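Beneath this line is the structure, given in structure tokens, with notes to follow.
Bear in mind these aren't lab numbers, they're just calculated from the coordinates by the rules spelled out. Bear in mind the structure is a predicted one, so any value in this text is a computation, not a measurement. All Cβ positions, even for glycine, are placed from backbone atoms using ideal geometry, and neighbour counts span all protein chains on display.
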Amino acid sequence: MVSIASKLPEISIHAQKANGYQGNWNPSTKINWDAFLEQLTKIAKTQHNLLWNQKKYIEQAQKLLHQYNFEAFKNVRDAFDNYNDATSETSDFINLHYEIDFQISLFQLEKGESFSHHDHPSMSGITNVISGELQIKNYNLVSQLNKSRKVILQGEKKTIRKCTIQEVSDKILAPNSFSSLTTTKRNIHSVISNDFTQLVDIFTPAYNSATRPINYNVDESGFYQNKKGLFVAEYEDFTLID
């Protein structure tokens with residue numbers, strides 16, 4: 001895939017100086033890339049408040065996404081036009097914008113490509129489908145089970161723990177539809193594309209070198225304690241060092 005990240009420096013440099021649409025920004029205005037970044041930067045900074053209202057932040061970010069047409073942005077169109085399936089059986093992605101408070105990534109998935117169950121630790125996120133069709137299942141972490149086992153993975157001893165997760169959403173996303181998660185709600189999810197799909201993810205804050213997302217191996221053969229939507233999942237405990 002042709003990376004477009006290198007084509008954006010001048011846009012990123014001037015993002016904070018954006019003047020909206022000819023200097024007149026309002027909630028119904030169709031906005032350009034610079035204005036989009038300017039407004040997103042403002043609302044993303046609310047994460048530093050003593051009490052961060054993540055629900056309000058997601059609502060505000062979704063309104064911005066409704067005002068911005070990613071397909072109209074030339075460099076995004078170029079990425080679409082130059083797309084080739086560079087990584088077979090896995091999605092291809094490009095970071096459109098990165099700063100400490102948030103990052104914007106473009107993903108392109110062939111039909112049947114997926115992300116298995118995983119989380120986004122201490123992050124709030126929005127998925128906006130641009131084209132295609134995507135199935136997203138979201139889960140809440142319910143409880144830790146007093147069960148663990150030791151395994152050897154790539155020559156290292158690991159601790160695998162068990163927990164329960166509750167399915168809270170199972171959505172089919174069409175173009176211009178959204179899915180969201182917060183640090184505590186719907187943060188675990190799985191994704192599969194039902195068709196060739198292009199989507200934009202916004203995560204707040206951005207990933208950094210200390211971020212340790214967890215992958216979950218979910219037992220979907222039956223419900224835990226016969227409770228609908230409640231599953232047992234295993235994960236590697238990164239907090240333990242043997």
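Roughly how many nanometres apart are two label points built 7 Å out from the Cα toward the Cβ at ASP195 and HIS66?
2.3 nm
Under a 5 Å amide H to amide H cut-off, with H placed in plane at 1.01 Å, what residues pair with SER124 once short-range neighbours are removed?
For SER124, the qualifying residues are THR204.
So how much slack lies between LEU51 and TYR207, counting 0.36 nm per residue of separation and subtracting their Cα-Cα distance, in nm?
Details: separation 156, 0.36 × 156 = 56.16 nm, distance 2.11 nm.
That pair, LEU51 and TYR207, stretches by 54.0 nm at full extension.
Taking H placed 1.01 Å from N in the peptide plane, check which residues at least 5 places from HIS97 or on another chain put their amide H under 5 Å from its amide H.
Close amide H contacts, sequence-distant or interchain: ILE104.
Around GLY132, under 11 Å between beta carbons, what's the net of Lys plus Arg minus Asp minus Glu among the other residues?
Values: positive: LYS111; negative: GLU110, GLU113, GLU133, ASP195.
That works out to -3.
Express in % the proportion of alpha carbon pairs of region 92-242 at distances exceeding 22 Å. Walk me through the numbers before you get to the answer.
Working: 5150 of 11325 pairs.
Of the Cα pairs, 45 percent sit more than 22 Å apart.
Tell me the net charge near THR184. Cut-off is 14 Å between Cβ atoms, THR184 excluded, with +1 for each Lys or Arg and -1 for each Asp or Glu.
Numbers: positive: LYS55, LYS185, ARG186; negative: ASP119.
Result for the neighbourhood of THR184: +2.
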